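> Sending over a structure as structure tokens; questions will come in a sec.
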Amino acid sequence: MLLDLILAATIFLSAVVFFAFVGRKLALLSGVDVKAVPDRKSDVVKEQLIEERFARGTRETFRWIQRWLHPVAAALRTQYQRLVGRLKTLEEQYSLPTDRRRADESGKAKVTQLLGQARGYLEDEQLTEAEQKCIEAISINQYERSAYRLLADIYWERKDYAHAKEVYEFLLKLNTDDSEAHVGLGRIAAGAGEYATAESEFKRSLELSDQASVHLELAEVYARLGDRQRALAATQDALTLDPRNPKTLDYFFALAVECGERALADDAYARLEEVNPENQKLPELSAQLEQMGKTR
């Protein structure tokens with residue numbers, strides 16, 4: 001509506017300018033002394049003279065109007081195109097048919113329900129039923145990444161590592177920065193003895209999301225490679241994020257003893273004792289410290 005008013009006003013002003021200019025030219029033409037033209041000129045020649053002068057003035061007027069209107073018209077055209085594009089975008093975002101919006105909302109609710117059922121079946125170790133619910137959810141929304149992650153967990157529990165790997169690789173096609181998919185591939189590679197691949201996948205996951213559990217899995221890979229010092233360092237990284245985790249502290253103590261790091265072993269023992277004074281392994285751990293050459 002606003003653009004229509006602007007265009008109408010522009011056309012009106014242009015018409016006013018045109019007729020004013022033509023009026024001035026006509027006034028000048030009316031002052032031409034026809035009698036001053038030699039008698040040998042015919043009336044036809046006189047009329048041609050007047051018409052040519054009028055036509056020349058008219059062409060000049062139209063050229064002037066065209067030069068004046070061109071940038072205005074270009075600016076209005078650009079603004080109009082932008083407005084149309086914006087309106088189309090808004091229409092796509094907010095003017096979806098009611099039935100389609102309801103279908104989308106219903107689909108999301110159904111996916112959530114199915115995945116909840118799948119998790120329940122997984123906890124109860126009903127893996128076939130859990131798999132079926134995941135596939136139903138994916139059939140509704142083929143881009144629901146949480147459904148694929150859960151499906152991969154189901155295959156992992158079933159020890160179907162080939163299918164689990166396929167699912168993790170598909171997740172990375174949906175999103176190359178899926179840290180959980182990298183962890184899954186790292187675990188599968190570690191289980192297959194492909195430690196270099198496992199190390200690469202765990203490191204990539206840590207770049208995307210710094211998690212204590214992944215640092216610990218990376219430490220176990222280093223230990224299997226025989227690199228105890230790097231395993232010890234990775235375990236320390238895990239403890240930095242989760243300092244009171246009994247499993248990590250126990251593993252850190254074992255690595256410190258193997259590496260002959262008495263101070264680190266003492267620290268791990270003290271923290272284990274603090275976390276759980278009733279830990280039945282404490283006397284055994286204390287005996288290992290004594291064997292390192294220094295009594296507690």
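> What number of residues within the range 204-213 are farther than 18 Å from LYS165 by Cα and assigned to a helix (DSSP H, G or I)?
Summing the residues that are farther than 18 Å from LYS165 by Cα and assigned to a helix (DSSP H, G or I) in the range 204-213 gives 5.
> Taking VAL275 and the conditions (1) surrounded by 15 or more Cβ atoms within 10 Å (Cβ to Cβ); (2) more than 14 Å from ALA212 (Cβ to Cβ), which numbered condition does it fall short on, given that it satisfies the others?
With respect to (1) surrounded by 15 or more Cβ atoms within 10 Å (Cβ to Cβ); (2) more than 14 Å from ALA212 (Cβ to Cβ), VAL275 is out only on (1).
Every residue, every condition in (1) within 22 Å of the chain's Cα centre (by Cα); (2) modelled with pLDDT under 90, yes or no:
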| residue | (1), (2) |
| --- | --- |
| GLN93 | yes, yes |
| THR98 | no, yes |
| LEU114 | no, no |
| ALA118 | no, no |
| TYR148 | yes, no |
| LEU151 | no, no |
| HIS163 | no, no |
| TYR168 | yes, no |
| ASN175 | yes, no |
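> Hey, any hits in the range 189-200 for a residue that's free of Cβ contacts under 8 Å to residues at least 40 places away in the same chain, within 30 Å of GLU166 (Cβ to Cβ), surrounded by fewer than 19 Cβ atoms within 10 Å (Cβ to Cβ) and β-branched (Val, Ile, Thr)?
Yes, the conditions are met somewhere in the range 189-200.
Yes/no matrix, rows are residues, columns are (1) farther than 28 Å from ALA196 by Cα; (2) outside the structural domain of ALA190 (by TED's automatic domain parsing); (3) not in a helix (DSSP H, G or I):
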residue	(1), (2), (3)
LEU232	no, yes, no
GLN236	no, yes, no
ARG244	yes, yes, yes
THR248	no, yes, no
VAL257	no, yes, no
LEU264	no, yes, no
TYR269	yes, yes, no
GLU278	yes, yes, yes
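The values are calculated or read from the model by the stated rules, or taken from the named source; none is laboratory data. All values derive from a computational prediction rather than experimental measurement. Cβ sites come from the backbone with ideal geometry, for glycine too, and all protein chains shown count toward neighbours.
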